[in-house]
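A short reminder: the numbers here are calculations on the coordinates, not readings from a lab. Everything quoted here is computed from the prediction, not taken from an experiment. Here the Cβ positions follow ideal geometry from the backbone for every residue, glycine too, while neighbour counts run over all protein chains shown.
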Amino acid sequence: MLRSRAGFASDVHSGLPDLSRLARFRTVTPFSLDSSSLTPDHWLVLARVLARAMPKWDGFVVTHGTDTMAYTACALSFLLENLRKPVVLTGAQRPLSEVRSDARSNFMDALEVSTKGPPEVAIVFGGLVLRGNCARKRSLVDYRAFESPNAPALGEIGTDLHLHPEQFRRPRGRFRLRDTIDPRVVHLKLAPGTPASALRGLLSAEIRGVVLEAFGAGNIPLLDGSMPELLREVTERGITVVIVSGSEHGAVDLSLYEGGRAALAAGAISGGSLTAEAAVVKLMVALGRTQLRSEVEALFTQDWAGESASYV
């Protein structure tokens, strides 16, 4: 981004004049928006643009704002099924026009990874190559702004690019675009003392899925029994409830403690080691494929693109 009268505007070519030394490329701009304004409809646009171009190019770089980059990376990994070419997202903590910008290094790294990297959706940022659907933004101030809490890096970049092919995701069939999504999913985070009545609006809202960020290994409060009762009422309405953890490292285990077992008995399902971002997007995509809650749950607990090695 470069500063203009209207704010910041995209101008990759003038800011990075030596890109052609790394690759022959073409620039397409499906839209230019602050990433906090993106919606699932924009994910579909990006997925369709990439799918159409897939036969013609060896790799792809998507420049993206950092705020919702992890969501878009998840969406592309689930919509672009059985990728055989790199799709790399990158951005910057400071715009290209700033003196201390990280935009140049991130973009050049992403372009190189797109010519050599994993056949999957990745985030390249701050010298790391991360699986896109396992990554999340960790810092507003560090140049190494992203991490993948429960998955190893696919590569590191210093003076040279070091990739880890043994970590790469391999396609299991032919490439296809899955361009259906249902955005009627909400993400709720429990806090100590959150009354079940505060969540009762879910029953009247036009939603089909809930990602509930619970405590520890997936525990919900049990003091008066109102939270399990509400969850049961929600799931009996045909709404899919996925439990993820407020802790970044580790996986949800609903069998471990009484609070988790109560959520399981109420009809909730485990999000395993998924990030909250991945759980939200994956549930949207699963809901876009079927109307039946049992089928949604069966789809959700499958590993689609390396987002989780196992579910518990």
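Here are labelled values, (1) 15.3; (2) 19.5; (3) 16.7, and one is the computed mean projected area of the Cα convex hull in nm² for what I pasted. Which one?
(3)
Order these by the 10 Å Cβ neighbour count, fewest first: 144, 232, 136. Could the numbers behind the result be given before it?
Working: 144 13, 232 17, 136 21.
Neighbour counts put them in this order, fewest first: 144, 232, 136.
For a quick check: sort 43, 57, 304 by the number of other beta carbons within 10 angstrom, fewest at the front.
In increasing order of surrounding Cβ atoms, one gets 57, 304, 43.
Given R₀ = 25 Å, what would the calculated FRET efficiency be for residue 204 paired with residue 179, taking r from the Cβ atoms and rounding to 0.05?
Between residue 204 and residue 179 the formula returns 0.25.
In whole Å, what is the distance between the alpha-carbon centres of segment 160-185 and segment 194-208?
33
For segment 185-300, what is the relative contact order in percent, using Cα pairs closer than 8 Å and at least 6 residues apart in sequence?
Reported relative contact order: 27 percent.
Between residue 32 and residue 48, what is the label-to-label distance in nm when each label sits 7 Å out along the Cα-to-Cβ direction?
2.2
Need the C-alpha centroid separation for segment 93-113 versus segment 223-245, integer Å.
Centre-to-centre distance over Cα atoms comes out at 44 Å.
Evaluate the relative contact order of the chain (contact order divided by residue number), counting alpha-carbon pairs under 8 angstrom at least 6 apart; express in whole percent. Let's see the in-between values first.
Numbers: 613 pairs, mean separation 47.0, N = 312.
Relative contact order here is 15 percent.
Please state the charge dipole magnitude for the chain, taken about the Cα centre, from unit charges on C-beta atoms (+1 on K and R, -1 on D and E), reported in debye and rounded to the nearest 20.
Magnitude of the dipole: close to 1020 debye.
For the chain, with the dipole built from +1 on Lys and Arg beta-carbon atoms and -1 on Asp and Glu ones, taken about the Cα centre, which of 250, 274, 143 lies farthest toward the positive end?
Of 250, 274, 143, it is 143.
Against the longest alpha carbon principal axis of the chain, how many degrees, from 0 to 90 and to the nearest 10, is the axis of helix 276-289 turned?
Between the helix axis and the principal axis of the chain, the angle is about 80 degrees.
Note down the magnitude of the dipole of segment 2-177 about its Cα centre, charges +1 on Lys and Arg C-beta and -1 on Asp and Glu C-beta and zero elsewhere, to the nearest 20 debye. Working shown, then result.
Working: 24 positive and 17 negative charges, 119 e Å.
Dipole magnitude for segment 2-177 comes out near 580 debye.
Only Lys, Arg, Asp and Glu count, each charged at its Cβ (+1, +1, -1, -1), so figure out the dipole size of segment 164-312 about its Cα centre, rounded to 20 debye.
Roughly 580 debye for segment 164-312.
Which angle between 0 and 90 degrees, to the nearest 10, do you get for helix 103-116 versus the longest principal axis of the chain when only C-alpha atoms count?
Result, in degrees: 90.
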